[in-house]
1. If you check LEU121 against the conditions, is it over 16 Å from ARG221 (Cβ atoms) and not basic (Lys, Arg)?
2. Before we move on, is THR238 touching a strand residue (DSSP E or B) at 6+ places or on another chain (Cβ under 8 Å) and more than 27 Å from ILE119 (Cβ to Cβ)?
3. May I ask you to list the residues in segment 96-127 that are open to solvent by less than 40 Å² (accessible area, probe 1.4 Å) and farther than 24 Å from LEU199 by Cβ?
4. Exactly one condition in (1) part of a loop (DSSP other than H, G, I, E, B); (2) open to solvent by 60 Å² or more (accessible area, probe 1.4 Å) is not met by PHE162; state its number.
5. Looking at TYR29, TYR45 in this structure, which one is of a type in the set (Ser, Thr, Tyr) and open to solvent by 30 Å² or more (accessible area, probe 1.4 Å)?
6. Within segment 121-130, does at least one residue satisfy the condition of being within 28 Å of ARG190 (Cβ to Cβ) and either in a strand (DSSP E or B) or among the basic types (Lys, Arg) (or both)?
7. Which one is farthest from the chain's Cα centre (by Cα) among residues in segment 203-220 that are open to solvent by less than 70 Å² (accessible area, probe 1.4 Å) and not β-branched (Val, Ile, Thr)?
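The values are calculated or read from the model by the stated rules, or taken from the named source; none is laboratory data. Treat the numbers as computed from the prediction; the structure is a model and nothing was measured. Positions of Cβ are generated from backbone atoms using ideal geometry, with glycine treated the same way; all protein chains shown enter the neighbour counts. All accessible areas refer to the heavy atoms of the entire protein, side chains included, with ligands and DNA or RNA removed. Shrake-Rupley method; radii C 1.70, N 1.55, O 1.52, S 1.80 Å.
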Amino acid sequence: MNLSRHPTTYPTRYQEIAALLEGELRTQYRSGDYLPSEQQLAQRYQVNRHTLRRAVDQLVDRGWLQRRQGIGILVLMRPYDYPLHARTHFSQNLLDQGSHPTSELLLAVLRPCSEPVAIALNCASGDGVIHLRTLRRVNGVPLSVIDHYLPDLSWWPELQQFEQGSLHEFIKQRLGQGLVRRQTRISARRSQIKESQLLEVANQIPLLCVRTLNACVDSDRVAEYSFTLARADMIELTMEH
């Protein structure tokens, strides 16, 4: 009896080169950089220029690169990879990718919480809540605007000292409390005028809306509800299971 098998498919040489080059683009290049010439790349990878050109063409088709006639091969902006799991650390994750993340405080007030925030924090509408708003940049480019709502008013004296950097690291260092992600909900909507100005994008472009609940590490007590509006062209969320 003859048993048929599906033949094993192996990547071609140009696909292997494309994968290697993609890895370099993720770790060694930034948007606006230019690659070495095709001749230099072909010599580096020890392939002929036709094979190298096919590898580059694959990355052009996928939006990583752009050919500029008479100038060279331009590296385009690619989304930053942001894995979603319980102990995700935004700043450290981007540092590991070779980027320079920053965060600045735009707003810090005490206010009565709205009904959606009250539902998220499991408290009564109108209860007092700490409201912080931060703007995150990566390599100087605005990435996201985040509204943080924290129900523990005893944290307010210390949080009034927060100005920039990682809010969660500040809470850990100044209040001795680590936070862990408990829930994330993702949707999308178009930007409004104020958001477009902060993120330096055209009005009505798609934004990712990420709603997150964070709890204290040593308990199930909800410590923060955050609402993030992020540029969809700059971030790629990865679900880790």
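1. Working: over 16 Å from ARG221 (Cβ atoms): no; not basic (Lys, Arg): yes.
No; evaluated as a whole, the condition is false for this residue.
2. Values: touching a strand residue (DSSP E or B) at 6+ places or on another chain (Cβ under 8 Å): yes; more than 27 Å from ILE119 (Cβ to Cβ): yes.
So THR238 passes the test.
3. Selection gives CYS113, ALA118, LEU121.
4. Unmet for PHE162, out of (1) part of a loop (DSSP other than H, G, I, E, B); (2) open to solvent by 60 Å² or more (accessible area, probe 1.4 Å): (2).
5. Working: TYR45 fails: open to solvent by 30 Å² or more (accessible area, probe 1.4 Å).
From the options TYR29, TYR45, the qualifying one is TYR29.
6. Residues of segment 121-130 within 28 Å of ARG190 (Cβ to Cβ): 121, 125, 129.
Still in the list and also either in a strand (DSSP E or B) or among the basic types (Lys, Arg) (or both): 129.
Yes: segment 121-130 contains one or more residues that are within 28 Å of ARG190 (Cβ to Cβ) and either in a strand (DSSP E or B) or among the basic types (Lys, Arg) (or both).
7. Among those residues, the one meeting the criterion is SER219.
Residue-wise test of (1) touching a residue at least 24 places away in the same chain (Cβ under 8 Å); (2) among the small types (Gly, Ala, Ser); (3) closer than 20 Å to SER114 by Cα.
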| residue | (1), (2), (3) |
| --- | --- |
| LEU167 | yes, no, no |
| PHE170 | no, no, no |
| GLY176 | no, yes, no |
| ARG182 | yes, no, no |
| ALA188 | yes, yes, no |
| PHE227 | yes, no, yes |
